[in-house]
Amino acid sequence: MAFEYLKSLSSGMDKNVILEDLMVAYGEDVWNYAFFLTRQSELSDDITQDVFVRVYERLFSYRGEASVKTWLLTITRNLVRDHWRSAWFRKVMPFGTPLAKGESAPSAETEALNRLVSEEVWLVVLSLPIKLREVLLLHAHHQLTHTEIARLLSISEGTVKSRLYRARVKVGKLMEPTWKQQ
């Protein structure tokens, strides 16, 4: 969906309609990116909601310097980083998330089935260092260009290319034993 008109928005346009269009078009990408960074579905839900609240508040200030998707993913990344820097996260999260009253932990069978559902490739990708993992996801899954990734991560295009190459090589090496077994 083309959102070129966002560059020339005026205050007379209905923000609710525009926001709904953005959520339909990019909501899943924003949630997936938040989940990729946090690995927690509830937190990804909260961050996705916060992203679109920010977009709603600042919709008329979109300058069009990057694509709408890059703009949304940048907001997502910044909100995740803000969460990581928060005192609550640093003090509480390392000890795990407590269960709500009356809630039980998933059974061993459920956990085993969930592990089987996860594809081995994603496990390998998630084992990469964050710098390599993030560039690979933005390029392969979100189809961002090297320029857009560089802008989103505030690094040079050469660094993007280097990290992407290193990520691909590392995934290939980690997947090699699996390919030999087949």
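Where a number appears in this text, it was derived from the coordinates with a stated rule and is not lab data. Given the structure is predicted, the values throughout are model-derived calculations rather than measurements. Note that each Cβ is placed from the backbone with ideal geometry, even for glycine, and that neighbours are counted across all protein chains shown.
Structure data summary
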| item | result |
| --- | --- |
| Computed Rg/Rh of segment 20-68, alpha carbon atoms with Kirkwood Rh | 1.00 |
| Förster radius 30 Å - calculated FRET efficiency between Leu123 and Arg54 (Cβ-Cβ, nearest 0.05) | 0.40 |
